[in-house]
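Some notes on the structure that comes next.
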C-alpha cells in the first residue's frame, strides 16, 4: 500500500507541485527520514508505527529522505 501526498511548496511562486510517496509496505518505521529531514516534514504515525508526512508545505525537495531510507520506501518527484 502506498500513501501519496501532494505538496505545493511554491508559497504562491508558481513552483511545480511536488509529490511525496511513502510505500507503507516497505516502510518499517525506522525513523531515518525523520532524522535527516532538515525541515521536519515527517513524523512517526503512532497508530501504524510508520512514517507519515505532517508538514507538507515545508518540503524543499532535497531528497535526503529518499537517500537515507534503507528500504527505498520514499519517492519524491516534481
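The values are calculated or read from the model by the stated rules, or taken from the named source; none is laboratory data. Small disclaimer: the values here were computed from a predicted structure and weren't measured. When we count neighbours, we look across all protein chains shown, and the Cβ atoms used for this are built from the backbone with ideal geometry, even at glycine.
Observations on the model:
- Scanning the range 67-78 for residues that are closer than 11 Å to residue 20 by Cβ and surrounded by fewer than 17 Cβ atoms within 10 Å (Cβ to Cβ), we see that the one that is nearest to the chain's Cα centre (by Cα) is 75.
- Residue within the range 9-25 that is surrounded by 12 or more Cβ atoms within 10 Å (Cβ to Cβ), at pLDDT 85 or above and not in a strand (DSSP E or B) present: yes
- When residues of the range 49-61 are limited to those that are part of a strand (DSSP E or B) and under 11 Å from the mean Cα position of the chain (by Cα), the one farthest from residue 73 (Cα to Cα): 53
- Taken over the range 26-48, the criterion of being part of a loop (DSSP other than H, G, I, E, B) and either surrounded by 11 or more Cβ atoms within 10 Å (Cβ to Cβ) or modelled with pLDDT under 75 (or both) is satisfied by 26, 27, 28, 29, 30, 31, 37, 39, 41, 48.
- The range 42-62 residues that are without any contact (Cβ under 8 Å) to a residue 12 or more places away in the chain, paired with ones that are assigned to a loop (DSSP other than H, G, I, E, B) and surrounded by 13 or more Cβ atoms within 10 Å (Cβ to Cβ) (beta carbon under 7 Å, 6 or more apart): 43/54
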